[in-house]
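What follows is a set of notes on a single structure, which appears directly below.
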Amino acid sequence: MKGVILAGGLATRLRPLTWVTNKHLLPIYNKPMIYYSLEAMQRAGIKEVLLTCSPDHSGHFASLLKTGKDFGMRLYYAIQENPTGGIADAMLLAEEFVQKEKLLVILGDNIFNYSLRHIVREFEQKRRGAVIFGVEMDTKSKQYGVVEVNESGRVQSIEEKPDTPKSSIAQTGIYMYDDRVFDFIKMLKPSNRGQLEVTDLNNFYLKEGTLECKIIDWWIDAGTSHDELLRANVMVAERAKKREL
């Protein structure tokens with residue numbers, strides 16, 4: 001199974017912090033933000049990881065991370081020339097790298113310490129399908145995609161920032177896909193935002209009944225605002241001092 005970390009984009013919501021660097025290189029307590037997704041890949045047992053990044057900052061990532069040896073993996077890089085194309089569009093950069101393997105995708109600004117290893121092993125044994133990850137939180141804030149699941153963990157619906165959420169499960173930026181994912185992405189049409197939306201991609205699996213949702217204990221999307229960036233720093237610092245991270 002291959003790993004893909006998406007670390008491109010313009011991060012306009014974090015300016016002026018991101019005028020001169022990529023948001024995934026900003027500090028979260030005592031480490032660069034990108035370390036957390038790499039460590040998540042490491043805990044999951046993924047040995048080959050592709051990092052997508054923007055042209056302006058690709059050299060910064062390479063200087064910091066080098067070959068990935070320090071994380072016990074082989075790290076590859078892909079340049080995202082269209083930073084506003086959406087998550088699914090950025091995933092297309094990994095098609096040649098992934099070949100016909102399954103893949104684990106993590107957004108580079110997602111902070112969590114849940115070990116994905118056992119779910120990776122389970123997913124490797126499945127013939128087809130996809131897994132998304134959710135976390136229990138207040139979904140009435142209209143900040144997150146909301147996932148509705150049945151008792152077996154099968155996804156019943158996914159709604160982007162709904163006015164009336166059907167559950168208290170917020171969707172995170174962690175995904176697992178089978179080897180059909182790139183065929184599905186190529187069938188997508190740009191949304192009203194001009195992007196290839198990951199929710200539209202996930203709906204292919206939802207419609208065929210092969211989309212599952214796994215619940216993790218805590219998670220922060222540190223790249224969405226200055227407040228969330230601050231909250232991530234405070235939470236990670238507190239957990240690190242308690243040796244929970």
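What to note about this one:
- Selection over region 103-122 of residues that are within 16 Å of residue 217 (Cα to Cα), in contact (Cβ under 8 Å) with a residue 60 or more places away in the chain and assigned to a helix (DSSP H, G or I) gives a count of 2.
- Taking the numbered list (1) under 30 Å from residue 180 (Cα atoms); (2) out of contact with any His (no Cβ under 6 Å at 6 or more places or on another chain); (3) not β-branched (Val, Ile, Thr) in turn, residue 19 passes all entries but (1).
- Candidates in region 180-226 are the residues that are in a loop (DSSP other than H, G, I, E, B) and basic (Lys, Arg); of these, the one that is surrounded by the fewest Cβ atoms within 10 Å (Cβ to Cβ) is 189.
- Residues that are in contact with a helix residue (DSSP H, G or I) (Cβ under 7 Å, 6 or more places away or on another chain) and either among the basic types (Lys, Arg) or modelled with pLDDT of 90 or more (or both), drawn from region 201-245: 201, 204, 211, 214, 220, 221, 222, 225, 226, 229
- Lone unmet requirement of (1) of a type in the set (Val, Ile, Thr); (2) under 23 Å from residue 96 (Cβ atoms); (3) in contact with a Pro (Cβ under 9 Å, 6 or more places away or on another chain) for residue 146: (2)
- So residue 83, is it out of contact with any Cys (no Cβ under 7 Å at 6 or more places or on another chain), of a type outside the set (Lys, Arg), farther than 30 Å from residue 187 by Cβ and modelled with pLDDT under 95: no
- Among (1) assigned to a strand (DSSP E or B); (2) over 16 Å from the mean Cα position of the chain (by Cα), the one test that residue 64 misses: (1)
- Evaluating residue 100 against the criteria (1) within 12 Å of residue 1 (Cβ to Cβ); (2) in contact with a Lys or Arg (Cβ under 9 Å, 6 or more places away or on another chain); (3) assigned to a loop (DSSP other than H, G, I, E, B) leaves one unmet condition, (2).
- Scanning region 123-179 for residues that are surrounded by 22 or more Cβ atoms within 10 Å (Cβ to Cβ) and assigned to a helix (DSSP H, G or I) yields one hit, 139.
- The condition (being of a type in the set (Asp, Glu), over 22 Å from residue 178 (Cβ atoms) and part of a helix (DSSP H, G or I)) is satisfied by just one residue among 56, 89: 56.
- Qualifying residue in region 234-245 (condition: without any contact (Cβ under 8 Å) to a residue 40 or more places away in the chain and on the phi > 0 side of the Ramachandran plot): yes
- Scanning region 1-32 for residues that are in contact with a helix residue (DSSP H, G or I) (Cβ under 7 Å, 6 or more places away or on another chain), part of a loop (DSSP other than H, G, I, E, B) and within 25 Å of residue 93 (Cα to Cα) returns 1, 8, 11, 21, 22, 26.
The values are calculated or read from the model by the stated rules, or taken from the named source; none is laboratory data. Being a predicted model, the structure only gives us computed values, none of them experimental. So basically every Cβ, Gly included, is an ideal-geometry build from the backbone, and we count neighbours across all protein chains shown.
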